[in-house]
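One structure is given below, encoded as structure tokens.
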Amino acid sequence: MIIERIKSIVLLVLVSLSLLMTYQLWYGQKPTHLIAEEIYERVIVEKPRPLAEVITPAQIVVRTEKGLYLMKDNDPDFYRLWAVLSQQLQDLDTDAIIVNQTGEESARNLLTVYMQPILPAGSDLPWLPDFPSLMIDQIEMLSLNDIAWLTLSDSSNDTKTKLLLSPEQSAELWDLIAGIPGEARIIYAPLTPEKLIGLADQEITMEESIYLPQEPVYLDSLIIKPEVIDRDLIIKTFFIDYNLARIIEEKDGGMIYTDGERGLRLTNVSLEYSHPRLEAGQSTMSYPEALKNSSSLISYHGGWPVNLRLEKLGLIRRGRSISYEAKWRIYYEGYPFYTNKLSRAIFNDRGLIHYTRTLFFSEEQFTEIEERLPVADWFSALQAALEKYDENRPARQSAIKLEKIELGYVIIKLANAYRGEPVWFIQIDGHKYFLKAHNLDLINGEDML
């Protein structure tokens, strides 16, 4: 009887010790040497940009006596103009509002700024902080009788706000425009409906303003290098304790890290992160908050190079869930890089759902011939694109929508190197065509990186 009681006591002690050790294993503090080896602080690759530096215009059109100059990202004159104009929008108050104005039809348009993504302005924002909320998609500077003002267009509610510039502010912009070196710039002109007559059996319409070069443009192929990703550093931005992640090595050298909920794939030229469980969330954050969030995401997970531009920010729906999608693009001397591998982030109130990053940078220009040849003119490029469009389009009676036509570079892999091929990019009714800029040969999607 006594022996049985002793056995029961010993068994109870053993069970208690087992429970205690299990609790310690799951919830107890880890030994210091294990913490040092397994737990990593979440690192930040780069400090996020302030909101005033997150958005840049899609393009700036400057009107001079010589003609129109078209400026885009990675153009020094573009940066200088936008820096001054952005600062003036931060300094202006409601006293500058023009209520009644006469003779505006005689005013001279000096420049037009096209915002994409839209520029938010108003209370608690860097731009026009004393104003009610505005969503600015276009800014014009006009002048009449030595008086200059800005006209801000908000297409969300079809309103225009006019703000008088002080003599000092207008002089500052005048001096910048006058200081643009005209001999180094190409003259552009707007594409008008009259120039499209006869190009197709049906009417061709445009959804946005398109500006095209009016003189020869010389573009060489570019020697391209992909962004070098610090694997150890980038992994730590996604996994606090990535030692617990399972690692899968792919045949092509890619590496996949997963903890069962999240996954990160790294290759020699790109990264792709996914956290599917967060897709069911919603986005209740405001547009300015989403802008700040996008800045944090690109900065935390790889950094924000100077020639990388936020190209798009908007809401997307997947089933019942709503998330924000941000897209970025690299520019070289005002010309965009096109690639099948996007740099984008999808996020909502629950966190980062999906993130891909593929960036290429130009090392130098490359030409195989001594004599440089200009690219094909825009009219021939558009004709070639319309021919491709006619080959596959269904029978229809409605007008053809010309959505985009611009010069840029397609990233192509050749053996062990990468090249930026000059192209005309033309988008018609959602169909995208990349035509080699010099001979207008079509580049198939599978040939693009």
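The values are calculated or read from the model by the stated rules, or taken from the named source; none is laboratory data. For clarity, every value in this text was computed on a predicted model and none was experimentally measured. Cβ: placed from backbone, ideal geometry, glycine included. Neighbour counts: every protein chain shown.
Scan segment 106-148 for residues that are at pLDDT 95 or above, assigned to a loop (DSSP other than H, G, I, E, B) and under 27 Å from Thr64 (Cβ atoms) and the total you get is 1. Tell me, yes or no, whether segment 315-325 has at least one residue that is closer than 30 Å to Leu134 by Cα and surrounded by 20 or more Cβ atoms within 10 Å (Cβ to Cβ). Scanning segment 315-325 turns up at least one residue that is closer than 30 Å to Leu134 by Cα and surrounded by 20 or more Cβ atoms within 10 Å (Cβ to Cβ).
Only one entry of Glu203, Glu140 meets the criterion of being loosely packed, with under 15 Cβ neighbours inside 10 Å, outside the structural domain of Leu313 (by TED's automatic domain parsing) and among the acidic types (Asp, Glu), and that entry is Glu203. Within segment 413-427, residues that are farther than 17 Å from Lys341 by Cβ have Cβ atoms under 6 Å from residues that are part of a strand (DSSP E or B) and not aromatic (Phe, Trp, Tyr) in these pairs: Trp424/Leu435; Ile426/Ile405; Gln427/Glu403; Gln427/Lys404, counting only partners at least 6 apart in sequence or on another chain.
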